[in-house]
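Notes follow the structure.
The values are calculated or read from the model by the stated rules, or taken from the named source; none is laboratory data. Being a predicted model, the structure only gives us computed values, none of them experimental. Neighbour counts run over all protein chains shown; Cβ positions are idealised from the backbone, glycine included.
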Amino acid sequence: MNAGQKARRVAREAGDNRVLTTVARVGFAASGLMHLLMGYLAIQIALHRGGESDQSGAFAQMNKLPGGMLLLWTAVIGLTALALWLLLQAALGIGSTSKKRWVRSLVSCGKAVAYLALAATALSAALRQPTNSATSTRQASGSILTLPGGQALLIVLGIATVGIGGYFVYKGARKKFHEDIALPAGGSGKAIDVLGVTGYIAKGIAIIAIGILFVVAAIKLDPKDASGLDGALKALAALPYGEAILILIGVGLSAYGVYSFARARLARL
């Protein structure tokens, strides 16, 4: 048995650990609550009631719920465990000659990084040192623009973000999320299916809007235009019929949240 095979065996054994998979399911539930709150905040913005509809705003709202601090720490643990589980899944493809396994490994790594970032945001809120996602995104965009070739790099980042958003829309429209979850028979399965389609498409549109703002910031050489999810949703609200569009996206993000609760129980881990 070579080193690659040994690494995959260790990763498989760790990934099958009941404690880790159980806590990873908690991570899906935490993500669900976060998306529910993001959807609520998006609707609040559409109704001109203020607030931040990004992840940091959602965790701030979570802290206001009964037992909010406990929810935040549960989110930190669950999201971190989910990221670790995804990294272990990525390790299963390392050393494989199959291109498909390499692609799956890269996708798992990307998802792991995203969940670790969410865990870090939740941790900041739990430690009462909340971060502002819009400000952080602007600062990061400004740093990229100062690099040699930074304008082109930010455009590439924007296009890549649009591509990720497009993938979410495709995954929802083509129901590719069926690969991630064991849908039950009957009406409950149909309801989860509708929630998945609606949620993935809405989240994809929001991510596409973020990517477009990155490109706009690069073209105008102004990092203020790159303001993350909160800025993207507020930009959508400024469009003709923007309030209605934003309400639909808010409902979609909430649908994704409910789907994530179902996934916490039914995910193929």
Failed condition for Ala83, given (1) of a type outside the set (Phe, Trp, Tyr); (2) within 16 Å of the chain's Cα centre (by Cα); (3) within 21 Å of Ile249 (Cβ to Cβ); (4) modelled with pLDDT of 85 or more, with all others met? (3)
Based on this model, can you work out whether Val10 counts as modelled with pLDDT of 75 or more and either of a type outside the set (Lys, Arg) or in a helix (DSSP H, G or I) (or both)? no
If I filter the stretch 89-97 for residues that are at pLDDT 80 or above and more than 23 Å from Arg128 (Cβ to Cβ), do I get at least one hit? no
Could you list, ordered by first residue, the pairs with Cβ atoms under 8 Å in which the first is in the stretch 37-65 and modelled with pLDDT of 80 or more and the second is basic (Lys, Arg), at least 6 apart or interchain? Ile45/Lys234
Taking Ala122 as the residue in question, decide whether it is closer than 22 Å to Ser56 by Cβ, of a type in the set (A, V, I, L, M) and touching a residue at least 24 places away in the same chain (Cβ under 8 Å). yes
May I ask you to say which residue of Val107, Val113, Val215, Val162 is aliphatic (A, V, I, L, M), at pLDDT 90 or above and touching a helix residue (DSSP H, G or I) at 6+ places or on another chain (Cβ under 9 Å)? Val162
Would you confirm whether any residue within the stretch 226-246 is outside any helix (DSSP H, G or I), aliphatic (A, V, I, L, M) and surrounded by 19 or more Cβ atoms within 10 Å (Cβ to Cβ)? yes
Select, from Leu229, Leu253, the only residue that is within 20 Å of the chain's Cα centre (by Cα) and modelled with pLDDT under 80. Leu229
